[in-house]
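What follows is a set of notes on a single structure, which appears directly below.
Values in this text are rule-based calculations from the coordinates and carry no lab data. What you are looking at is a predicted structure, and each value in this text was computed from that prediction instead of being measured. All Cβ positions, even for glycine, are placed from backbone atoms using ideal geometry, and neighbour counts span all protein chains on display.
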Amino acid sequence: MAEEVDNMKRRTFLQWTPTLLGARLLAKNQAESALSIVYFHDYPPFSWTDNGDPVKGIFVDILEEALHRRLGIKTNHVGLPWGRAQQLVRLGKADAMCTVFTPDREVYCKASKNPVIRVPMRIYTSHNHPNTESLRQIKSLSDLDSYRVASYIGNGWAERHLGKLNVTWTRTLEQTMKMVALQRVDVSVDPEPVAQFFINKLGYRDRLKLIGSDLDQVDFKLLMRRDSPYIDQLAQFDETIEALRLDGTVKKIQDSYLTS
């Protein structure tokens with residue numbers, strides 16, 4: 001019994017660690033007048049944390065290069081549970097986030113014109129799915145109306161584009177992938193780099209596969225809170241991120257996470 005209690009306490013501590021660390025870092029940001037950017041803490045290879053370490057990933061490296069190194073803006077990066085991260089921007093306790101621009105987020109954020117990164121959205125399914133050949137023929141999201149789809153709560157793209165389908169919502173992307181592997185649902189639709197990262201992480205190369213053509217191209221943009229003191233820097237950011245794309249820096253950063 002004592003061991004079960006200890007395990008419960010440990011799980012609770014780990015669950016709250018990102019939020020507690022994030023709160024401290026954001027308080028430090030305000031004291032030091034740094035641009036605070038919040039990220040989903042469990043979205044590798046774009047942004048994630050390990051055992052309380054600072055947030056890392058493709059988003060973080062690109063924005064650090066653009067904002068800090070190229071524009072000279074002091075920048076702090078914080079990884080948090082995604083719902084909490086978005087709430088902090090909405091409430092004025094963080095300046096920005098890197099994500100998909102949606103009508104809900106437009107209420108309190110302004111988006112960069114140029115994306116931080118653009119990725120294809122693809123289907124993945126179980127290796128031995130009985131309708132694999134039919135799934136290969138899917139060319140649009142509407143073709144998924146007869147299938148069971150999974151996605152995670154807080155996925156803005158999915159909430160916008162999959163709402164009319166038969167969607168099972170999970171707490172995390174990892175849970176989504178496990179449901180697909182167990183055939184509790186038929187498919188999920190996610191950015192290819194993310195799906196591939198989790199397939200490798202979970203050891204699911206023989207259980208999950210990407211299938212069919214690209215169903216969408218998604219732009220992950222820098223979303224700045226409308227009343228942030230850094231809002232006027234968005235125009236310069238757009239110029240800088242385009243320069244990073246043209247000189248190959250964006251691709252180099254992305255490849256460093258996908259080929260290692």
Excluding near-sequence neighbours (fewer than 8 apart on one chain), the stretch 119-217 holds lysine pairs with C-alpha atoms under 20 Å apart numbering 5
Kirkwood Rh, Cα Rg: Rg to Rh for the chain?
0.98
Considering only Pro54, Pro130, Pro193, give the residue with the highest GNM mean-square fluctuation for the chain, with springs between Cα atoms whenever their separation is below 10 Å.
Pro130
May I ask for the distance between the Cα centers of the stretch 34-100 and the stretch 145-160, given as a whole number of Å?
24 Å
Below 8 Å, C-alpha to C-alpha, sequence gap of six or more: please give me the relative contact order for the chain in percent.
25 percent
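So how do 166-172, 180-186 stack up, highest first, on mean other-Cβ count within 10 Å? Please report the intermediate quantities before stating the final value.
Values: 166-172: 15.9, 180-186: 17.6.
Going by the mean number of other Cβ atoms within 10 Å, highest first, we get 180-186, 166-172.
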Using mean Cβ contacts within 10 Å as the protection proxy, how do 138-146, 108-116 order, highest first?
108-116, 138-146
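Sort 247-255, 39-47, 120-128 by the packing proxy (mean of other Cβ within 10 Å over each peptide's residues), most packed first.
In decreasing order of mean packing, 247-255, 39-47, 120-128 become 39-47, 120-128, 247-255.
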Based on C-alpha coordinates, I'd like the Rg and Dmax of the stretch 119-217, in Å.
11.9, 32
To the nearest 500 deg cm²/dmol, what mean residue ellipticity at 222 nm is calculated for the chain from DSSP H runs of n ≥ 4 alone, each contributing -39,500 (n - 2.57), summed and divided by the residues?
-11500 deg cm²/dmol
Please get the size of the charge dipole for the chain, origin at its Cα centre, with Cβ charges of +1 on Lys and Arg and -1 on Asp and Glu, quoted in debye to the nearest 20.
280 debye
Looking at the chain as a GNM with Cα springs under 10 Å, which of Leu222, Leu202, Leu234 has the largest mean-square fluctuation?
Leu202
